[in-house]
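The values are calculated or read from the model by the stated rules, or taken from the named source; none is laboratory data. Predicted, not measured: the structure shown is a model, and the values here were computed from it. Cβ: placed from backbone, ideal geometry, glycine included. Neighbour counts: every protein chain shown.
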Amino acid sequence: MVRRIFEMYADGASPRSIAAALNEEGIPSPGSSWKRAQRRSGGWLASAIHGDPSRGTGILNNPRYVGRVVWGRSKWTRSASDSSVRPMKIAPKPLHEAEEERLRIRLA
């Protein structure tokens, strides 16, 4: 599915149109099968495909698909006053990065 998303994007489709096509085909979105008290029904969103380049989120901006594995990009810390509050902070520098050429997405 990831390779197909990259191919659609390389052919000129926008993240929004890719999401619409995947929803139309009934392909489950990321996290749709997680066990939750309430099931998500929205399907694919353009943000799941494009994401945030500065954070490396989304399928198209995930460093893993260019052959780079990164650990420790963010840190979740609990609040001292309320332990249910867990703000995420972007690390200034990842803890570890490794090149993993076998993970690189190659389009024909």
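For the reader, a short list of remarks on this structure follows.
- Complete set of residues in the stretch 12-27 that are outside any helix (DSSP H, G or I) and modelled with pLDDT of 95 or more: GLY12, ALA13, SER14
- Test result for ALA108, loosely packed, with under 12 Cβ neighbours inside 10 Å, without any contact (Cβ under 8 Å) to a residue 12 or more places away in the chain, closer than 28 Å to ALA19 by Cα and aliphatic (A, V, I, L, M): yes
- Members of the stretch 69-91 that are among the β-branched types (Val, Ile, Thr), within 30 Å of GLU101 (Cα to Cα) and in a loop (DSSP other than H, G, I, E, B): none
- Residue pairs meeting the criteria (Cβ under 7 Å; at least 6 apart or on separate chains; first surrounded by 10 or more Cβ atoms within 10 Å (Cβ to Cβ), in the stretch 58-87; second in a loop (DSSP other than H, G, I, E, B) and polar (S, T, N, Q)): VAL85/SER79; ARG86/THR77
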